[in-house]
Amino acid sequence: MKKIINDPETVVQDALRGMQAAHSDLLSVHYDPAVVVRADAPVQGKVAIISGGGSGHEPLHGGFVGRGMLDAACPGAVFTSPTPDQVASAVSLTDGGAGALLIVKNYTGDVMNFEMAGELAESEARSVVVDDDVAVQDSLYTAGRRGVGGTVLLEKIVGAAADRGDDLASCEALAQRVVGAVRSMGLALTACTVPHVGTPSFELADDEMEIGIGIHGEPGRQRVPAGSASEMVSALLDPILADLPFASGDRVLLFTNSMGGTPLIELYLAHGIAEQLLADRGITVERRLVGPYITSLEMQGMSLTLLRLDDEMISLWDAPVHTPALRWGV
Amino acid sequence: MGCTAADVVAALRLAAGVVQEHRDELVRLDQAIGDGDHGENLRRGFTALLSRLDTEEPASPGKVLKLVATTLISTVGGAAGPLYGTAFLRASAAVGDLAELDCDAIARALQAALDGVVARGKAVVGDKTMVDALTPAVAAAESVDGSVAAVLSAAADAAAEGASSTVPMVARKGRASYLGERSAGHLDPGARSTALLLRALADAAAKA
């Protein structure tokens, strides 16, 4: 294993120290328990938007802390959900008197830890669970769909709503509306190596790709020969379109995401293909986001996320945001 | 003869050693059908527990179990943190302020632990989780009369068998469930760690 780390044991806190140094104008880092908090928190009268999850998905979630997005992020160990005391601490550090909305990705550990945090928290906290991954069948026989790329879009849109003064119930309802309108799917060309494990999370031959991966280096549902970019984009887009389903006349946000190791040249290439495929189906791409925003360490691969937009979501997406990873309108 | 707080502490120290020894095995099992963090998460939690046991001296077995619960909840993360944390918290409540744990108290604690895991994780037998190890362990503990060591040993044997039974199962809970049929043929890491922990507690009781 070759990585730019000193010690697998301290990789998360070492990275947090660098983040604090780089972005002290936007956020401040608490280490025990670990919470990344907006520099001017608590913002009086504003609903606190809080998220968290395992580390290794950067910039998610700490990179989205700042004005117009998250008030706090709780970084767990690499690929491991944060603990309840981290989340409870985030709630109290950001409590501006209007309650907190916890954004939880649908993984067994995350859901349980946030649930316990809700039981511990002293102020009002409600949760929304994101489960946008169409690769997982939502049935009684699975833990349900995973939360993936849709989480980024939801954090931006709900963050903007809280910033304009929406109350907790409105933020929660909006979050549910976004969850209902967003779908994602990802593929991997390589596995990734968790620092404290030291070996790749799964084996993938040079000419194979794994379709339907999550964001934790877990294998997907299907292993197929790696094809052309057009075949890869179709393999992701077709199940997404069929699932909601998206239809001709829909207005969407297209989010083309790198899993960490795929360079932008390939990502733009894939994005261009996806735009064309959507145009062919009469779907209007109104907004887009391209880049590594929800990653899986150094994994090569990509995910596509499609959100069906309405006018309110568009204006909230366009609203000012000032965080380490997303910045516009300021 | 029952278990005092000191006996419970000694058993947990032994269990922490077992977790460290089996860390890599649990990582490998979890890499096969999950995300590979189970061994490391438990190692982190039990290492934190050891340092708390060095500085704190809980007065009763119930208070020791509560210290385990709060430590694991705040250090393990993942699914194992809330599940084991809830299990120890419920076990602690089940034994109350007893100064010594007899066979009945041990059986009650195991039953409460199982109820807590089921309430938190909503898994049932056959889902390929730690419930598959803990459920037969509780039944075995209730059916055995004799010493605390005999009760825990029966529970540990049943848990090991229960863990083995997860190999052919298709996972219906947790991250392994995303794999569907591909999860069959692998030992569930949570069931394995449950069996290891119960074996460590039984070994400690046999030595006491």
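What to note about this one:
- Here the dipole of segment B:5-207 is about 600 debye; that uses its Cα centre as origin and unit charges on the Cβ of Lys and Arg (positive) and Asp and Glu (negative).
- Order of A:295, A:193 under a 10 Å beta carbon neighbour criterion, fewest first: A:193, A:295
- Residue separation of residue A:205 and residue A:318 scaled by 0.36 nm, minus their Cα-Cα distance, works out to 36.5 nm of gained length.
- For segment B:54-104: rounded, prolate or oblate by the Cα gyration tensor [a/c cutoff 1.5]: oblate
- Under a model in which nothing but the beta-carbon of Lys, Arg (+1) and Asp, Glu (-1) is charged, segment A:16-181 shows a dipole of about 380 debye around its Cα centre.
- The HN-Hα couplings worked out from phi for segment A:16-29 by the Karplus form 6.51 cos²θ - 1.76 cosθ + 1.60 (θ = phi - 60°) are 4, 4, x, 5, 4, 5, 6, 10, 5, 6, 9, 8, 10, 9 Hz, whole numbers, x standing for Gly and Pro.
- At the listed q of 0.14, 0.18 Å⁻¹, the Debye profile of segment A:1-128, built from one uniform point per Cα, gives log10 I(q)/I(0) equal to -0.54, -0.88.
- Unsatisfied cross-links (Cα-Cα over 26 Å) in the set A:105/A:156; A:156/B:128; A:3/A:156: A:156/B:128; A:3/A:156
- Cβ-Cβ FRET estimate between residue A:275 and residue B:52, R0 fixed at 45 Å, reported to 0.05: 0.25
- The spacing between segment B:99-172 and segment B:23-81, judged by their C-alpha centroids, is 18 Å.
- Each label was represented as a point 7 Å from its Cα along the Cα-to-Cβ direction; for residue B:20 and residue A:264 these points are 4.7 nm apart.
- Ratio of Rg to Rh over segment B:68-186 (Cα coordinates, Kirkwood Rh, two decimals): 1.00
- The eigenvalues of the Cα gyration tensor, multiplied by 5 and square-rooted, give segment B:5-207 an equivalent ellipsoid with semi-axes of 26, 19, 14 Å from largest to smallest.
- Look at the alpha carbon pairs under 8 Å that are at least 6 residues apart: their mean separation over the length of segment A:183-316 gives a relative contact order of 32 percent.
- Segment A:258-330: relative contact order as a whole-number percent, Cα under 8 Å and 6+ apart: 38 percent
- Put a dot 7 Å past the Cα of residue A:248, heading toward its Cβ, do the same for residue B:59, and the two dots end up 7.7 nm apart.
- Looking at segment A:104-143, the GluC sites (Glu not before Pro) that sit in a DSSP loop and have at most 12 other Cβ atoms within 10 Å of their own Cβ are A:122.
- Chain A - Rg over Rh from alpha carbon coordinates, Kirkwood radius: 0.95
- Tail fraction, Cα-Cα pairs, segment A:183-316, threshold 28 Å, whole percent: 17 percent
Throughout, read-outs are computed from the coordinates displayed, never taken from laboratory work. All figures in this text were calculated on a predicted structure; none of them were measured in a lab. Cβ atoms come from the backbone with ideal geometry, glycine included; neighbour counts cover every protein chain shown.
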